[in-house]
1. Order these peptides, B:168-178, B:93-103, by their mean beta-carbon neighbour count within 10 angstrom, highest first.
2. Can you work out D for region A:95-156 in µm² s⁻¹ from Stokes-Einstein, where Rh is the Kirkwood radius over C-alpha pairs, the temperature is 4 °C and the viscosity is 1.567 mPa s?
3. Would you mind pulling out the separation of the Cα centroids of region A:165-181 and region B:50-69, in Å?
4. Take the Cα coordinates of the protein assembly as shown, assign each an equal point scatterer, and use the Debye formula without solvent to give log10 I(q)/I(0) at q = 0.07 Å⁻¹.
5. Please compute the Kirkwood hydrodynamic radius over region A:134-181, one decimal place, Å, based on all pairs of different Cα atoms.
6. Provide, as a two-decimal number, the C-alpha radius of gyration of region A:113-230 over 2.2 N^0.38 Å, N being how many residues it has.
7. Given the -39500 (n - 2.57) contribution per DSSP H run of 4+ residues, what per-residue ellipticity at 222 nm results for chain A, rounded to the nearest 500 deg cm²/dmol?
8. Can you pull the mean other chain C-beta count within 10 Å for peptide B:168-179?
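Rule-based calculations on the coordinates, nothing more; no lab input. What you see is a predicted model, and the numbers here were worked out from it, not measured in a lab. All Cβ positions, even for glycine, are placed from backbone atoms using ideal geometry, and neighbour counts span all protein chains on display.
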């Protein structure tokens, strides 16, 4: 199994996943509206512009993480519905390629979701990132997305094809993504200058996000084979 | 006496051996000793008063839970990496995790009760406390994964990978919570830590750790054996289960 074939598999799987999503419109018509709805419901629950402005960064990432659950469930519903994952396994497709491909497709969807949620925060919660804050925000979103997509693909693969996966996935995934919630929220607070925190204070948090992304993308690529190989 | 109930009696005997019976007896004596020392013989603390007695169950309970999770991680690695992978390792991992979750739950409850009495609050967002809560939830998830079904080796592989992922996850969570916490600079509720502990109290705590460790080994051996029997029952298959249900229906 050489590297170029792994990447070729990854590219094919990612393109396939994105094509399925593009044609089915499930993400655009259901998951993205859900995420915006969560942002509106937060506003009802917290009921104060000042509080919303204060907690906007955390809410953006909380809404992201809730939506990740749906995206992951969706990416594996596509695979298991017609036994596609079994077919891939029996065909001897490189599991590392499958992992990387599904992670890339999930990451692409997540970036769209995050862009939407940040826009929602700007419009609904009066978040106001400066140009330098925007650079921090984009970098944070990219690094956090790699981590979330890797860990989502990994745990999604674990829960794929078993009974009760809808309820199991949140229980497995949410504790694991806590570091991303902490790191991304703190970095975003700096980007939005919440409570007058300087933009420069946000950069160290990227270290945490980068470590998380590195660990789970590498471990995921290695361990994914033994999770789905049954 | 139906066939099914005779069978149950026989199974109950199978998980006990003379070693576990001896260990069990020693453990029970140890618990009685611990109760006597913890509740009667040791004095109340100067600062904490009577609430210090919670510590004699809380600290050994937390120790047992961490020990159990370490054993789960090691057995999972043994299952995954050894050439001759054996379901014995998987069952030890599962049994150990069950005991760990139970005692982690007990220490979280006793810990927050003690916190309420001593600090005036059930919970603080201290890194160790928060990590412990995450550990608890992570292993509840692990046990859920063990019950997903499939073949024994499917269960074993899935849960072993998950147990090793938890080993990665927990330090990350701990580290991030620590960073998060240091930012908030909350006043430390744990007073000065250089308090010298009364010798008798220290001994009782030590006794608790020993007794709880014995109890862990005892429970682990029984649970591992009952899991083996459970797997055997699964292997025998649906026919036997159906026959047993029919026998039950007939006898009632």
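1. Working: B:168-178: 19.1, B:93-103: 24.2.
By packing density, highest mean first, the sequence is B:93-103, B:168-178.
2. Estimated diffusion coefficient is 103 µm²/s.
3. Here the answer is 28 Å between Cα centres.
4. Computed log10 I(q)/I(0) values: -0.47.
5. Hydrodynamic radius (Kirkwood, Cα pairs) of region A:134-181 is 11.7 Å.
6. On the way: Rg = 16.3 Å, N = 118, 2.2 N^0.38 = 13.5 Å.
After normalising by residue count via 2.2 N^0.38 Å, the value is 1.21.
7. Here the helix-only value at 222 nm equals -28500 deg cm²/dmol.
8. Rounded to a whole number, the mean comes out at 5.
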